[in-house]
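All of the numbers you see were taken from the coordinates with simple rules; none came from a lab. Quantities reported herein were computed from a predicted structural model and do not represent experimental measurements. Positions of Cβ are backbone-derived with ideal geometry, glycine not excepted, and every protein chain shown enters the neighbour counts.
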Amino acid sequence: MTAPHEPLTADAVLNAKFQATKFREGYDQDAVDDFLDRVVATLRGDAAVPLTAADIDAQRFPSTKFREGYDVDDVDDLMDRVRTTLAGGGAPAPSAAGAAAPPAGTLPVGMVDVGRRGLFGRRPRG
C-alpha cells in the first residue's frame, strides 16, 4: 500500500487487507466491501455520483460480534486515508467524535453509536 501521506489510488483500495474478527467487535464485511467499491469508482472517475470527504465522514458501518467482520482500526485507518485523498490531500476533515450523541434508540440495530465511539465507530484513544 502507498505511504500514509500519499493520496490513495483505486488499486491501493482494491488491494487493502483487513484483519478478520470473529468473537470481538468488527465491521460487517459486506457493508465495508460495498462502500469501498464506491470509493474505487470515485477514485477511477467512474462513479455516477462521486463520493466526497463529507460522505466518508457520514459513513457508518454495521458492527458484528459473533460472526466474522473486519477489524475496526484497520478499516478506520483506510477510511481516514480515503477522506484525506478525497479532500485533496490536505488535513483530514474535523472528526465527528465531539458531536452530540443522537437520542438513545435512534440508530438502527447493530449500528455504532458515534457519540460514544468516535468517527467510524472508533473508540477514542487515550
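Annotations for the structure displayed:
- By the Cα gyration tensor, the stretch 10-95 has an equivalent ellipsoid whose semi-axes, rounded to whole angstrom, run 23, 14, 11 from largest to smallest.
- What the Cβ-Cβ distance of ASP46 and PHE23 gives, at R0 = 35 Å and to the nearest 0.05, is a FRET efficiency of 0.40.
- Between the amide H of ALA47 and those of THR42, distances stay under 5 Å, these residues lying 5 or more places away or on another chain, with hydrogens modeled in the peptide plane.
- Summing +1 for each Lys or Arg and -1 for each Asp or Glu among the other residues whose beta-carbon sits under 9 angstrom from that of GLY69 gives 0.
- DSSP-loop chymotrypsin sites (Phe, Trp or Tyr not before Pro) across the stretch 1-75, with at most 12 other Cβ within 10 angstrom: PHE23, PHE66
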